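First up is the structure itself, then whatever we jot down about it.
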Amino acid sequence: MCLIKIENVSKSFKLYHNMYDKVKNMFSFNKSSIKLHNVLKNVSLNVDKGETVAILGMNGCGKTTLLRLISGISFPDSGNINRNGKITSILSLGSGFHPDFSGLDNIKFYASIMGLSKKEIKSKIEEIVSFAEIGDFVNYPIKTYSAGMKMRLAFSTAISVDPDILVIDEVLAVGDAYFKKKCLDRFKNFKEQGKTIIFASHSLGLVKQFCERAIILNEASIFFDGEVGQVDDYYKKLITKRTIN
Amino acid sequence: MIKNLINNKDLILILVKRDFEGRYKNSVLYFVWPFLHPFLLTLTLWFVFTCGFKNGNSVNGIPFILWLITGLIPWYFFSESISKGVISIKEYAYIIKNMPFPIEILPVIKTLSSLITHSFFLLVLFLILLFYHLNNFIFFIPNLIYFIFCSMILSTSINYFTSSIFVIFKDTAEILKILVNFTFWLTPIIWNGNLLTGKLKMLLYLNPVYYIINGYRDTLLYSKPFWNDLKGISSFWIITLILIYVSSKIFNKLKSGFADML
């Protein structure tokens, strides 16, 4: 079953030097004068149920933009995106946390944005706190936390939602080896339940460890889409290509 | 849009609570600050009018201080809603950029959190009215609720407009500050609108803020039901409906781009 269907999606951003540029452009008829930065150009892909897809590529190749489009945060200039199922996306950790509120307040807030009802949140709080392993700190303001604690709390809140599709941007890079392993175990658990995971990464090792399919983006379009086993070859090809240019 | 608001009522409640608490979370006397400034301003204005201008006479048989407070309290409510409302989308940039989020609930939040302060002020006002033996207002509470509703609709629709424009032009906040200031002096809040004559008096009908301020006074001090003022009702709602239409058009047009522009 096809959970995400992306057809001919393009996305570009307008580049302005400053506000005057922007105002001038708004009232001028000559729209071609502004510079467009094409992030994605005619990208099409399908993701089926139960697939674990890695999205790879150099900096600025459009990974995060693609994930944002898939999550429904930002919208394409042209093309269609169809989604079937509940999506949870973890694009950045802890950015929704208010430093002056306690961990508990922040969990409630974060979870309610992700669409959990009051009752669901109540039943999940214990699980979230124990997975984050922050103990009594949960009753204190977030600003008293260490960076690692904040990250752990954000992560365990984010994955406590029971989505059909999990979209993750490069967020696993933080955290110590122990917590990283715990997260990966949780992902594997997800996978075994037949859920779909899409995640962007720079770590080939991690990708090969737990994805079947890999997509490499380059210059606003798909450079490679296929079995994860071939990813090494294509990645090298991409790097040589860029070095020559 | 309204359906979306109802669907997200849990989230709205959490956001309102967070907004109200978050404002002064770091100050020790956080429960004092939302009330102290309006309180001191009221005292100052009363002093200026009674001792400075020697103009603190009773208005239609109502003591001047009472007349002043009943006009100022709805003004504080309205001005707080819209001055804070302008940042309501920008404030949640970190969420809009990272999670799918029902952005259309945001402009409502500031109006609702201002309502908390407002209800406290109303309570104080009720006590003062009782102290002056003006007990009639008790029968006019539904009438008052109508004007609270008017004020909320007006400020929320302004918030939809200003907060969406503010995402693109930061100048909006400065312009709004000036406009709020001008509105305060040009609307008969601390001076009596009945002193105007002829064409100037007709102009008051074009001012939806005056309709609300005057409504509070008529309700609480003079026990007039709102349906007596047909001219006021029609002009207020025509202006407000136009405003709602324009604001929602602009908001919906810009909505899909907020995550990219913030």
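Tabulated data
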item: Residue check, A:Lys180 modelled with pLDDT under 85, over 23 Å from A:Val43 (Cα atoms), assigned by TED's automatic domain parsing to the domain that holds A:Phe13 and of a type in the set (Lys, Arg); result: yes
item: Count - residues of segment B:253-262 that are in contact (Cβ under 8 Å) with a residue 12 or more places away in the chain and part of a helix (DSSP H, G or I); result: 5
item: Selected residue (only one of A:Ile142, A:Ile128, A:Ile121, A:Ile107 is within 27 Å of B:Glu21 (Cβ to Cβ), within 11 Å of chain B (Cβ to nearest Cβ) and surrounded by 15 or more Cβ atoms within 10 Å (Cβ to Cβ)); result: A:Ile121
item: Residues within segment B:84-95 that are touching a residue at least 40 places away in the same chain (Cβ under 8 Å), surrounded by fewer than 22 Cβ atoms within 10 Å (Cβ to Cβ) and either out of contact with any Ser or Thr (no Cβ under 8 Å at 6 or more places or on another chain) or assigned to a loop (DSSP other than H, G, I, E, B) (or both), tallied; result: 2
item: In segment B:163-206, the residues that are within 14 Å of chain A (Cβ to nearest Cβ) and without any contact (Cβ under 8 Å) to a residue 24 or more places away in the chain; result: B:Phe169, B:Lys170, B:Asp171, B:Glu174
item: Residue satisfying all of: in segment A:73-92; surrounded by fewer than 16 Cβ atoms within 10 Å (Cβ to Cβ) and among the small types (Gly, Ala, Ser); nearest to the chain's Cα centre (by Cα) among these; result: A:Gly85
item: Boolean, A:Gly115 is assigned to a loop (DSSP other than H, G, I, E, B), under 18 Å from B:Asn98 (Cβ atoms) and either within 14 Å of chain B (Cβ to nearest Cβ) or among the hydrophobic types (A, V, I, L, M, F, W, C) (or both); result: yes
item: Condition met for A:Asn59 (of a type outside the set (A, V, I, L, M) and assigned to a strand (DSSP E or B)); result: no
item: Number of positions in segment A:27-76 that are hydroxyl-bearing (Ser, Thr, Tyr) and in contact with a strand residue (DSSP E or B) (Cβ under 9 Å, 6 or more places away or on another chain); result: 6
item: Residue count for segment A:222-245, restricted to those that are within 15 Å of A:Lys63 (Cβ to Cβ), at pLDDT below 85 and in a strand (DSSP E or B); result: 1
item: Pair list, Cβ < 6 Å and 6+ apart or interchain, from segment A:68-93 residues that are within 7 Å of another protein chain (Cβ to nearest Cβ) and touching a residue at least 24 places away in the same chain (Cβ under 8 Å) to residues that are part of a strand (DSSP E or B) and among the aliphatic types (A, V, I, L, M); result: A:Ser71/A:Ile87; A:Ser71/A:Val167; A:Ser89/A:Val167
item: Positions within segment B:93-125 being modelled with pLDDT under 90 and not polar (S, T, N, Q), in sequence order; result: B:Ala93, B:Tyr94, B:Ile95, B:Ile96, B:Lys97, B:Met99, B:Pro100, B:Phe101, B:Pro102
item: Residue ID - modelled with the highest pLDDT, chosen from residues in segment B:17-36 that are farther than 16 Å from A:Asn106 by Cβ, touching a Phe, Trp or Tyr at 6+ places or on another chain (Cβ under 9 Å) and not in a loop (DSSP other than H, G, I, E, B); result: B:Phe35
item: Matching entry among B:Trp67, B:Trp33 (being more than 14 Å from chain A (Cβ to nearest Cβ) and touching a Leu at 6+ places or on another chain (Cβ under 7 Å)); result: B:Trp67
item: Close pairs from segment A:135-146: first in the same structural domain as A:Ile107 (by TED's automatic domain parsing), partner part of a loop (DSSP other than H, G, I, E, B), Cβ under 6 Å, at least 6 apart; result: A:Pro141/A:Asp100; A:Ile142/A:Phe97; A:Ile142/A:Pro99; A:Lys143/A:Pro99
item: B:Phe78 away from chain A (no Cβ under 14 Å), part of a helix (DSSP H, G or I) and among the aromatic types (Phe, Trp, Tyr); result: yes
item: The listed residue being closer than 17 Å to B:Pro107 by Cβ and assigned to a helix (DSSP H, G or I), out of B:Ser248, B:Ser235; result: B:Ser248
item: Segment A:94-104, residues that are surrounded by fewer than 20 Cβ atoms within 10 Å (Cβ to Cβ), facing chain B (nearest Cβ under 9 Å) and small (Gly, Ala, Ser); result: A:Ser95
item: Unique match (being closer than 30 Å to A:Lys11 by Cα and buried (at least 16 other Cβ atoms within 10 Å of the Cβ)) among B:Phe169, B:Phe236, B:Phe226, B:Phe258; result: B:Phe258
item: Candidate set: segment B:1-34, residues that are under 26 Å from B:Tyr160 (Cα atoms) and aromatic (Phe, Trp, Tyr); chosen: the one surrounded by the most Cβ atoms within 10 Å (Cβ to Cβ); result: B:Phe20
item: Top-ranked residue in segment B:96-135 [being part of a loop (DSSP other than H, G, I, E, B) and away from chain A (no Cβ under 14 Å); ranked as surrounded by the most Cβ atoms within 10 Å (Cβ to Cβ)]; result: B:Leu134
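Every residue, every condition in (1) free of Cβ contacts under 8 Å to residues at least 40 places away in the same chain; (2) of a type in the set (D, E, K, R), yes or no:
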{"site": "B:Lys3", "(1), (2)": "yes, yes"}
{"site": "B:Leu11", "(1), (2)": "no, no"}
{"site": "B:Ile14", "(1), (2)": "yes, no"}
{"site": "B:Lys25", "(1), (2)": "yes, yes"}
{"site": "B:His37", "(1), (2)": "yes, no"}
{"site": "B:Gly52", "(1), (2)": "yes, no"}
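Listed here are the residues, each with its yes/no results for (1) over 20 Å from the mean Cα position of the chain (by Cα); (2) in a helix (DSSP H, G or I); (3) of a type in the set (Gly, Ala, Ser).
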| residue | (1), (2), (3) |
| --- | --- |
| A:Glu120 | yes, yes, no |
| A:Glu127 | yes, yes, no |
| A:Asp136 | yes, yes, no |
| A:Met151 | no, yes, no |
| A:Ser156 | no, yes, yes |
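The values are calculated or read from the model by the stated rules, or taken from the named source; none is laboratory data. No experiment lies behind these values; they were computed from the predicted model shown. Because the Cβ atoms are built from the backbone with ideal geometry, glycine has one as well, and the counts that use them run over all protein chains shown.
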